[in-house]
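Taking it in order: structure first as structure tokens, then the write-up.
The values are calculated or read from the model by the stated rules, or taken from the named source; none is laboratory data. Because the structure is predicted, anything quoted here is derived from the model rather than measured. Here the Cβ positions follow ideal geometry from the backbone for every residue, glycine too, while neighbour counts run over all protein chains shown.
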């Protein structure tokens, strides 16, 4: 069933709104996947805070026109599913990559983050990016390390003195 002009405008506005606030975007060709497989992909995406949508390429090009994902317009050909990360930059890449491992028919065509196009093979780099919580914990570990080292160093001085006195005492007892 063909869409009328108002429906097309609504789709473009919705995708444009999502793309405007998204952190990264993936476009993958889904040709050959069954309805059940697509439903499983959508469920996985929803659970991970990823907006997933199949949109006509002409509408998708208009939707990303004034966003940082405008660089994807040239590559939007064929049946594509668009995935936008809403919560952390690597979410869409992780969902698509994990799903593509099990379903070889899902083929990544476009990867974009921060207004730059990446090669489709760079989805691994994007997928391994730490989440917000992981990044905070790594930062805290780096910040905590000097304080821990100082505490260990300060504690070592009296400990060494006690060991030295104990060694002298043992030496005198042995003699």
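In a residue-by-residue description of region 115-123, the property of being part of a helix (DSSP H, G or I), free of Cβ contacts under 8 Å to residues at least 24 places away in the same chain, surrounded by 15 or more Cβ atoms within 10 Å (Cβ to Cβ) and within 15 Å of the chain's Cα centre (by Cα) applies to at least one position.
Within the span defined as region 38-51, one or more residues are modelled with pLDDT of 90 or more and outside any helix (DSSP H, G or I).
The single condition among (1) assigned by TED's automatic domain parsing to the domain that holds residue 39; (2) modelled with pLDDT under 90; (3) at negative phi that residue 95 does not satisfy is (2).
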